[in-house]
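Heads up, the thing below is written out as structure tokens.
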Amino acid sequence: MPDKKTTSVPFESVDTAEQNLWTALGDLPRDEPSPDMRRSFYQRLEQASSRRWSERLRDWLGMRNNAGWITASACVLIGFGVAQLTNQPQPGDQDRLAALEQNINLLNRELILDRLQDEAPGTRLAGVYDARNVVADDAQIAQALLQRAATDRSSSVRSAAIGALGSQLNSDTVGGELMSLLENADSPIVQLALADLVLRNGNAMQLAQLQRLADEKRLNPDIARHVNKSLGSESI
């Protein structure tokens, strides 16, 4: 039998009829949901909170943006090319394989550039890590990394881009841009990334420039102490 619902709602009326009405309302039965209704509710809740396998696959491939479609296209090209060369070996296969590799490299390059321009900081960061493997051979990717290092809204992306450019520190264009960035950097995170880059890969002139910035107190005090200790100078 359903439970009776007792009420403690106050009323100030002295009207007997109104008092009887409140008493009657308090005696109304309180319905409970049936077991079937409970099961249905929790099943629908679980379905709503879990993503479909197709959505998880699109996220894994990154197919919610242009980068994902480039990834998917690269996978299709690789699979098609390997199947053709494996099943039908013919003269000239090496040339076709070289052309396939070139197309894949071009797709990978476009994927990296697309990621470096993405709105999401995590995607830009992934692009930075991919770019470090090809930056030495691609001037456009090097410039894209310089842009991330100089202007990205995320300090983490900026410092990662600086680290990815380490192998290019002694090149005339990239090295000059990075040292100019060091002269004007305000963020301690960016300063630290640049200082460590120069300490690891810098030439004598770049190291002297770093020491000068520390001596002139143009670096964060903690970073200046780190520079002085690394270079064997007296602490400031």
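Of note:
- For residue 155, the stated conditions hold: it is modelled with pLDDT under 90, closer than 17 Å to residue 185 by Cα, in the same structural domain as residue 199 (by TED's automatic domain parsing) and surrounded by fewer than 21 Cβ atoms within 10 Å (Cβ to Cβ).
- Residue in the stretch 158-175 that is farther than 30 Å from residue 211 by Cβ, surrounded by fewer than 19 Cβ atoms within 10 Å (Cβ to Cβ) and either in the same structural domain as residue 204 (by TED's automatic domain parsing) or not basic (Lys, Arg) (or both) present: no
- The one condition from (1) within 24 Å of residue 216 (Cα to Cα); (2) crowded, with 20+ Cβ neighbours inside 10 Å that residue 187 does not meet is (2).
- Flag: residue 197 does not match the condition of being out of contact with any Gly (no Cβ under 7 Å at 6 or more places or on another chain), at pLDDT 90 or above and surrounded by 15 or more Cβ atoms within 10 Å (Cβ to Cβ).
- Residue check for residue 147: in a helix (DSSP H, G or I) and at pLDDT 90 or above: yes
The values are calculated or read from the model by the stated rules, or taken from the named source; none is laboratory data. Source: prediction; values computed, not measured. Don't worry about glycine lacking a Cβ; one is built from the backbone with ideal geometry, like all the others, and counts go over all protein chains shown.
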